[in-house]
Amino acid sequence: MSTQGKRLKNIRCSLNLTQEQLGAALGISKQFYSNIETDRTLLNNEKLVLLLRDYNVNLNYLLAGIMPMFLDKNSYNDDFEQKVRRVLINEGLIKNI
């Protein structure tokens, strides 16, 4: 069975990045990053969000091994983003700027 660390390594290799490069992008040392790939530790939510935002990583793949490795950028559009924004504003989670 594939682990989160192995899936992260697959993602990194698909992006043609070294451990040092992806670690730096996530704001962590190469050693700490290596510990993630070898399943000694896990990514925190902040780092997961960075992978999603900066590399279009599908968190369903990373966390559970399901779905494609990367999200299809074409699956999102401005209308969807506006709907999500309205819900967040209505729930008081963000302010309408």
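Looking at the structure I just gave you, is Ile28 surrounded by 15 or more Cβ atoms within 10 Å (Cβ to Cβ), at pLDDT 95 or above, outside any helix (DSSP H, G or I) and hydrophobic (A, V, I, L, M, F, W, C)?
Values: surrounded by 15 or more Cβ atoms within 10 Å (Cβ to Cβ): yes; at pLDDT 95 or above: yes; outside any helix (DSSP H, G or I): yes; hydrophobic (A, V, I, L, M, F, W, C): yes.
Taking the combined requirement at face value, the residue satisfies it.
When the stretch 47-71 is filtered for residues that are assigned to a helix (DSSP H, G or I) and in contact with a helix residue (DSSP H, G or I) (Cβ under 8 Å, 6 or more places away or on another chain), the ones remaining, listed by number, are Lys47, Leu48, Leu50, Leu51, Leu52, Asp54, Tyr55, Leu59, Tyr61, Leu62, Leu63.
The values are calculated or read from the model by the stated rules, or taken from the named source; none is laboratory data. It should be emphasised that the depicted structure is a prediction, and the values quoted were computed from it without experimental measurement. Counting neighbours? That spans all protein chains shown, and the Cβs are built from the backbone with ideal geometry, glycine included.
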